[in-house]
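What follows draws every value from the coordinates through simple rules; no lab data is involved. What you see is a predicted model; the values in this text were computed from it and never measured. Cβ coordinates were reconstructed from backbone atoms using ideal geometry, including for glycine residues, and neighbour counts include every protein chain displayed.
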Amino acid sequence: MVDSEYRKEPRGMSESTTSGAQGEAQGGVDCAPASGGSWVARVVIFLTVIAVLVALATFAAQWKKGVAVRGFVVDGASIISDREILLRINVFKGRNLQNLDTKELKKRIMTIPYLSDAEIGKELNGIVRVKVFEREPVAVTVLDGQVMALDGEGFLLPETKDFVEKFPKLLRISGITRFGIAGNGLRQIDRRDVALIREFLDVLSRSDYASLLIGELHLEGNNMTWCLTAQSPVRFIVGNDGNYKEKLKKFEIFWQKVISRKGFDSYETVDLRFRDRVFTRDTLSPVVMKDAPL
């Protein structure tokens, strides 16, 4: 009897184990179709999205082929007028937008001297947006009887219709003799003169009141560049070797302590090039005067 009961127990365990294994097998069979269906659904959705995108791209490409240039919008123009730009590009109006050659369009407007660069953008509604970057005049000069502006890179620009009204206080530059023709067809003064003018203008703009008095800078060789005021014919020699901060400070002191007392036409020249001294010359005799402390 003991042996018989002992033998039945493993048999029960075997049945239980078999039943569990069958359950697990049945569970595995039930999950497989669900997983496979989810994967198939994802593939179908993915392919549908791709198809829609391709269809939209094809439609957009066909639609763009039929869009014509309706008009232009100009941004960034202040010195030159929008009309001056539009006169050069209106010929592109009505052309196919997709086939519009933006390089050709840019080439047409870059013939305007006051433009340094331009960006052309197409919009899907048929509008072409033109963003221009203008050269900024920093001084004015006269060459061959023609008034011209001078920008920070030394390019000589023709006077515009409203130039005087837009830039009434530009420093006048005279004595320009060295210039050449740049790649854009504009005349450009010598780089050494450009550096001198830029340094002088920078110091002048930060001076206490020399900027209110000095109206002209005359370029001269042999370190003899000089400047003039509107009130006096006296030539104030500042030279070509820089250090204009100290020289303009001496100019201000000399103007307050001497010129304002002795008169605007007391001297022919006032030489500001030497440290701690100011040399003057009038019609009678040269005078050496110690400069006031800076």
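Figure legend: label point modelled 7 angstrom from the Cα of GLN146 along Cα→Cβ; residues of segment 153-168 with amide N under 14 Å from it are 156-161. Sequence-ordered 3J(HN,Hα) estimates for segment 39-54 from the Karplus curve with 6.51, -1.76 and 1.60 and θ = phi - 60° stand at 5, 5, 5, 4, 4, 5, 5, 4, 5, 5, 4, 4, 4, 5, 5, 4 Hz, glycine and proline given as x. The DSSP beta bridges internal to segment 137-290 are antiparallel in roughly 75% of cases. The Cα trace of segment 135-283 gives Rg and Dmax of 15.8, 51 Å, the first to one decimal, the second as a whole number.
Taking the DSSP bridge list for segment 71-134 and keeping only pairs wholly inside it, about 60 percent are antiparallel. Close amide H pairs (under 5 Å, H built 1.01 Å from N) link LEU115 with ARG135, residues at least 5 positions away or on another chain.
Which entries of LYS93/LYS161; LYS106/LYS131; LYS103/LYS131 show an alpha-carbon separation above 21 angstrom in the structure shown?
On the way: LYS93/LYS161 27 Å; LYS106/LYS131 10 Å; LYS103/LYS131 14 Å.
LYS93/LYS161, as the Cα separations exceed 21 Å there.
Taking amide hydrogens as placed 1.01 Å from N in the peptide plane, the amide H of GLY215 sits under 5 Å from those of LEU228, THR229, ALA230, each at least 5 positions away in sequence or on another chain.
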